[in-house]
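The values are calculated or read from the model by the stated rules, or taken from the named source; none is laboratory data. Bear in mind that the values here come from a model prediction, so they are computed numbers and not experimental data. Backbone-built Cβ (ideal geometry, glycine too); neighbour counts: all protein chains shown. Note: areas computed on protein heavy atoms with side chains; ligands, DNA, RNA excluded. Shrake-Rupley method; radii C 1.70, N 1.55, O 1.52, S 1.80 Å.
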Amino acid sequence: MEVKVAKTAGFCFGAKRAVDTVKEQLRQGKKVYTYGPIIHNEEVVGGFEKKGVRILYPEDEWETVEKGTIVIRSHGVTKEEQEKLSAHGFEVVDATCPFVKKIHKIVEEQSLAGRKILIIGDENHPEVIGIRSWAREKTYVLNSAEDAEKAEFPEGDRFCIVAQTTFNYKKFQELVEILKKKRYDIIVLNTICNATEERQSETAQLAAMSEAMIVIGGKQSSNTKKLYEIAKNACGNTYYIQKLDDLDLRQFKSFRCVGITAGASTPNNIIKEVQKVMSEMSEMSFDQLLEESFRTIHNGDVVEGTVIRVKEDEIVLNIDYKADGIITRSEYTNAPNVDLTTLVKEGDTMQAKVLKVNDGEGQVLLTYKRLAVEKGNKRLEEAFNNKEVLKATVSAVKEGGLSVVIDEARIFIPASLVSDTYEKDLNKYKDQEIEFVISEFNPRKRRIIGDRKQLLVAKKQELQRELFERIQIGDVVEGKVKNVTDFGVFIDLGGVDGLLHISEMSWGRIESPKKVFKVGDTVKAFIKDIQGEKVALSMKFPDQNPWADAEEKFAVGNIVTGKVARMTDFGAFVELVPGVDALLHVSQIAREHIEKPADVLKVGQEIEAKIVDFNLNDKKISLSIKALLAPPAEEAEAAKDVQEKSEDVQEEVTETE
């Protein structure tokens with residue numbers, strides 16, 4: 001078998017520079033963090049983690065993290081993130097690829113010149129996210145010929161086109177040609193890294209002359225994915241691996257020429273390891289190779305076995321290997337102090353994932369829990385893609401939100417997405433079963449976000465639509481008090497909140513809604529008005545209007561009793577019945593002179609007086625205690641006196657009321 005390795009395979013300048021930067025900080029003995037994975041290669045990132053390098057993400061609780069040096073990843077960060085990093089008290093070392101930095105500068109300058117920025121690349125890639133932040137004008141991202149064909153921009157807009165550094169060069173040219181045909185005012189700047197172009201060109205040539213191709217790189221690596229696509233187009237037998245363990249050597253039995261290339265974030269040691277094994281294949285018989293493949297297992301493999309022994313804190317599996325597999329309590333479940341003998345029994349068949357082929361005592365260390373999490377994540381990924389509504393019990397109430405678990409995979413629901421209204425206390429959701437959808441799925445960054453709010457909003461909109469189809473002005477409705485304010489209460493009518501204003505709560509006077517209503521009360525009212533989505537309610541039912549029979553009940557000459565409701569300098573207002581107040585002028589309180597009503601009366605005091613004036617149109621009634629005390633000959637004079645004084649203060653009374 002002939003094995004050919006691409007000359008450009010492996011670390012590009014930017015990736016090597018970023019990795020070397022982290023190594024240098026470690027060499028100096030610093031506490032090192034990276035802002036996001038330093039490059040898109042799990043082996044490199046995992047190696048740094050073993051040396052104490054921790055990855056920080058925007059959502060982490062930075063205040064609790066020990067201060068140290070934070071290295072900005074090779075893909076760069078947004079302008080805003082770069083400005084905020086130092087504010088957390090960390091020493092910041094920028095390992096952004098110089099080619100990416102160059103794009104930041106181009107975008108900023110062209111944006112200042114009045115051009116909108118059009119980026120050809122993956123809008124979810126961290127490099128593209130960072131690039132967009134340097135533009136002052138609106139930015140657009142296109143990733144396919146279909147995107148370019150559909151793109152329609154306002155006439156007169158001026159554009160600058162740039163590319164993600166790792167984008168497929170041939171594909172970039174194709175998209176630019178489509179856009180040029182639309183006759184937009186554009187400037188095209190090919191910002192694809194030279195190393196990327198060379199790597200892609202060499203991969204195409206090598207794949208065309210090989211019977212099989214091996215493409216090595218991280219599963220999250222954008223440039224490696226593009227190399228795989230290029231190789232696959234030229235050579236059907238193309239295999240995408242991250243490390244040697246991912247390679248099934250039996251697949252290469254009949255190939256005479258195998259090409260090897262690797263992404264820009266792939267270390268040379270992995271490339272050499274794959275090259276060495278492939279070269280050795282030509283010196284081994286296929287039968288030997290086949291035998292070897294059946295006798296080995298590797299870290300990360302999923303194996304199936306039979307339970308041969310169970311203890312409170314340990315499960316032993318026969319996995320058809322020279323050593324037994326061990327699952328400890330902590331690798332079976334997150335629940336503390338669980339007795340495993342109550343969950344598993346001898347003879348059970350179960351799957352597990354290999355953590356270590358040799359735990360130091362000749363046994364294979366397995367994990368059931370992490371495999372369950374992976375399966376759970378796959379279940380959640382499907383739910384995310386299908387927008388499926390999930391149901392789960394709230395396992396924990398945390399600061400800032402709720403935590404739920406599905407198949408050992410944890411979902412966090414931020415407080416802002418728990419409800420469609422502000423929730424001051426989330427503890428009421430503890431142990432409650434709730435429905436939600438997955439709004440963000442990124443297990444790599446430990447971000448699986450649930451959203452309950454959008455379901456509630458959608459349900460509310462449907463209820464709102466149904467409610468408006470059946471209600472009209474004048475309808476009597478019933479609902480529950482949702483909120484109480486100084487000016488009124490909001491009542492949930494089943495999808496719509498109706499406002500019951502303080503002035504519409506009673507025919508009588510209401511001092512404060514908070515003294516009459518509380519949240520949860522059931523209220524019966526009628527619809528006074530509908531304006532768009534706003535519903536005004538009233539409890540002043542017409543058949544309960546106290547002025548309906550007031551002309552008879554409060555005719556001039558009638559003697560009535562009432563309570564002093566409030567006082568002014570010119571008189572006291574007396575409530576005869578709820579909703580009907582009468583004026584007792586200061587001159588009509590007694591036969592002798594009274595300076596002000598408060599000298600002889602107090603609020604809440606019950607008095608008896610004679611009605612000396614009644615005006616139904618203006619809803620005004622005048623009283624006199626003095627008339628009850630005066631001789632008959634003086635009553636007419638008193639009535640005349642009251643009428644004159646009432647007219648004098650009519651404007652003042654109106655303002656008071």
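Scan region 141-162 residue by residue and report those that are part of a strand (DSSP E or B) and surrounded by 17 or more Cβ atoms within 10 Å (Cβ to Cβ).
Restricting attention to region 141-162, the residues satisfying the condition of being part of a strand (DSSP E or B) are 141-142, 158-162.
Residues satisfying the conditions are Val141, Leu142, Phe159, Cys160, Ile161, Val162.
Which count do you get for residues in region 1-19 that are open to solvent by 60 Å² or more (accessible area, probe 1.4 Å) and not hydrophobic (A, V, I, L, M, F, W, C)? Looking only at that region, the number is 5. For Glu81, state whether it is modelled with pLDDT under 85, assigned to a loop (DSSP other than H, G, I, E, B) and surrounded by fewer than 17 Cβ atoms within 10 Å (Cβ to Cβ). Judged against the criteria, Glu81 is not a match. Total residues in region 173-198 satisfying the condition of being open to solvent by less than 10 Å² (accessible area, probe 1.4 Å) and not β-branched (Val, Ile, Thr): the figure is 2.
Report yes if some residue within region 67-74 is within 23 Å of the chain's Cα centre (by Cα) and open to solvent by 10 Å² or more (accessible area, probe 1.4 Å); otherwise report no. Full working, then the answer.
Step one: of region 67-74, the residues within 23 Å of the chain's Cα centre (by Cα) are none.
Within region 67-74, none of the residues are within 23 Å of the chain's Cα centre (by Cα) and open to solvent by 10 Å² or more (accessible area, probe 1.4 Å).
The number of residues in region 285-298 being surrounded by 14 or more Cβ atoms within 10 Å (Cβ to Cβ) and either modelled with pLDDT of 70 or more or not in a helix (DSSP H, G or I) (or both) comes to 1. Residue check: is Lys30 open to solvent by 30 Å² or more (accessible area, probe 1.4 Å), part of a loop (DSSP other than H, G, I, E, B) and on the phi < 0 side of the Ramachandran plot? Yes. When each of Val418, Val389 is tested for being β-branched (Val, Ile, Thr) and closer than 20 Å to Glu61 by Cβ, the lone residue that passes is Val418. When residues in region 46-62 are screened for being assigned to a helix (DSSP H, G or I) and either touching a residue at least 12 places away in the same chain (Cβ under 8 Å) or touching a His at 6+ places or on another chain (Cβ under 6 Å) (or both), 2 of them pass. How about region 43-56: which of its residues are under 27 Å from the mean Cα position of the chain (by Cα) and open to solvent by 10 Å² or more (accessible area, probe 1.4 Å)? Result: Arg54, Ile55. Scanning region 515-538 for residues that are open to solvent by less than 50 Å² (accessible area, probe 1.4 Å) and part of a loop (DSSP other than H, G, I, E, B) turns up Phe517, Gly520, Asp521. Note on region 542-570: residues that are open to solvent by less than 20 Å² (accessible area, probe 1.4 Å) and at positive phi total 0.
Among the residues of region 256-269, write down those that are open to solvent by less than 30 Å² (accessible area, probe 1.4 Å), out of contact with any Ser or Thr (no Cβ under 6 Å at 6 or more places or on another chain) and assigned to a loop (DSSP other than H, G, I, E, B). The answer is Ala264, Thr266, Pro267. Scanning region 323-342 for residues that are crowded, with 16+ Cβ neighbours inside 10 Å and not in a loop (DSSP other than H, G, I, E, B) turns up Gly325, Ile326, Ile327, Thr328, Arg329, Glu331, Leu340.
With a requirement of 3 or more residues that are open to solvent by 20 Å² or more (accessible area, probe 1.4 Å) and touching a Lys or Arg at 6+ places or on another chain (Cβ under 9 Å), the strands (runs of 3 or more DSSP E) lying completely within region 352-465 that satisfy it span 390-398, 433-442.
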